[in-house]
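Pasting a structure here, questions to come.
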Amino acid sequence: MDGRLRRQVLDTEVLPPRERFGTWLDMMASSPTPLRVHTAHADDFVARAEFVELGRLRLIRYRYPSVDCVRTSKLIQRSDPDYYLLALTLTGTSQADQAGQRARCRPGDLTFYDCSRPHEVSHHADPAGPAYARSIVALMPYNALPLPRRRLAPLFAGRMSGSEGVGGLLADFLIRVTGHPEQYHAADAERLGGIGLDLIATLLGRNLVSEEAVPTEIRRRALLAQVRSYVEQHLGDATLDPGRIADAHHISVRSLHRLFEDEETTVAAYIRDERLARCRRDLADPGLSDRSIQLIAARWGFRDKAHFSRAFRAAHAETPQAYRTRHLEPARIVNTTASAVNSARTYLTQG
């Protein structure tokens, strides 16, 4: 786990019931944007908060019983208010009220508000579903977004879709990073935070009257993230090519190629490299040792076995079969030894 992105966790279930709600209140009081919390479950408040720090972007994955929260003027005066907050509802029904605007959110919806202004937030578990409500919150300082506050005001306590377009990509990002932070390197935290902020800025810009409020470079990086996500989802389709990618994102092929000019690769090379990476993973997987190389290649979009072999050898200076043998041999030796030891232990136990 060394060098991996880590998360901090507060889980009240490990505490005696009488200490759970007080501990949760202490955590809320110590946050940059404290809230006053009311709940019918104060006697036994089983809740969990998982924190992932990505530079200027803090992500928090919550699970809690139904709650009603208020951020008052007094709390704002006693804390650092210069933060925006974006929330993704995962389960239950949430509601945000700020400056006369109100958003009622179901699972998959996003809402956004300004922590320097009083607001109310409630999140209730589904009466017919799990006992807990779940959400992911992204907290960022004002200067992390390249958008004037006055332009953002119409979006405060507004509902935005997290199931399509940039909103869907942002929701996937929040869910993936907070769900499995150990899959990322700690050294990549700042870069991941930058990706998240670009997606947030682009989403907000698209929900404003004019997307031009978002700087060109921010929009470029967000579009690049969308394209990469699309490629990853369609690697197994042999018909994936620049034309299809451009059509899916409503841009010209020429614009798509320009998008990759600063990435030190081409669109076709990016697709090929991602496919080869998936093939390498499968070839080195002992669980797939009975699957032919041709099937693995086809799984990731290489229809022609000879073409795959040439591409693989050009990238790795060895054939797919040599690569597979080199990586599976250590696993075979370990498994053979383990089988012998287990057999001996079984014999002794039975004897």
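Please give the strands (runs of 3 or more DSSP E) falling wholly within the stretch 72-127 in which 1 or more residues are among the charged types (D, E, K, R).
Where strands (runs of 3 or more DSSP E) fall fully within the stretch 72-127 and carry at least 1 residues being among the charged types (D, E, K, R), they are 93-98, 101-105, 109-114, 119-124.
Another question, if that's okay. What are the residue pairs meeting all of these: first residue in the stretch 176-196, first residue without any contact (Cβ under 8 Å) to a residue 12 or more places away in the chain, second residue aliphatic (A, V, I, L, M) and surrounded by 12 or more Cβ atoms within 10 Å (Cβ to Cβ), Cβ atoms under 7 Å, and 6 or more apart or on different chains?
none
Moving on. Restricting attention to the stretch 219-239, and to residues there that are of a type in the set (Lys, Arg) and more than 17 Å from the chain's Cα centre (by Cα), which single residue is nearest to Arg299 (Cα to Cα)?
Arg220
Only one of (1) under 32 Å from the mean Cα position of the chain (by Cα); (2) in a helix (DSSP H, G or I); (3) closer than 21 Å to Pro242 by Cα fails for His307. Which number is that?
So His307 meets the others, but not (1).
Okay, next question. Of the conditions (1) at pLDDT 90 or above; (2) open to solvent by less than 20 Å² (accessible area, probe 1.4 Å), His316 clears all except one; give me its number.
It is condition (2) that His316 fails.
Here is a yes/no grid of residues against (1) open to solvent by 30 Å² or more (accessible area, probe 1.4 Å); (2) farther than 23 Å from Arg272 by Cα; (3) not in a helix (DSSP H, G or I):
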{"residue": "Ala171", "(1), (2), (3)": "no, yes, no"}
{"residue": "Ala187", "(1), (2), (3)": "yes, yes, no"}
{"residue": "Ile218", "(1), (2), (3)": "no, yes, no"}
{"residue": "Val231", "(1), (2), (3)": "no, no, no"}
{"residue": "Leu235", "(1), (2), (3)": "no, no, yes"}
{"residue": "Ile251", "(1), (2), (3)": "yes, no, yes"}
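How many residues, within the stretch 152-169, are surrounded by fewer than 20 Cβ atoms within 10 Å (Cβ to Cβ) and in a helix (DSSP H, G or I)?
Adding up the residues that qualify gives 4.
Please work out which residue is farthest from Glu50 (Cα to Cα), limiting yourself to the stretch 111-151 and to residues that are of a type in the set (S, T, N, Q) and surrounded by 20 or more Cβ atoms within 10 Å (Cβ to Cβ).
Thr111
Could you tell me which of the residues Pro146, Pro130 is of a type outside the set (A, V, I, L, M, F, W, C), more than 27 Å from Val46 (Cα to Cα) and in a loop (DSSP other than H, G, I, E, B)?
Being of a type outside the set (A, V, I, L, M, F, W, C), more than 27 Å from Val46 (Cα to Cα) and in a loop (DSSP other than H, G, I, E, B) holds for just one of Pro146, Pro130, which is Pro146.
The values are calculated or read from the model by the stated rules, or taken from the named source; none is laboratory data. Just so you know, these numbers come straight off a predicted model, no measurement behind them. In this analysis, Cβ positions are derived from the backbone assuming ideal geometry, glycine residues included, and neighbour counts consider all displayed protein chains. Protein only, heavy atoms only, side chains kept; ligands, DNA and RNA dropped before computing areas. Shrake-Rupley method; radii C 1.70, N 1.55, O 1.52, S 1.80 Å.
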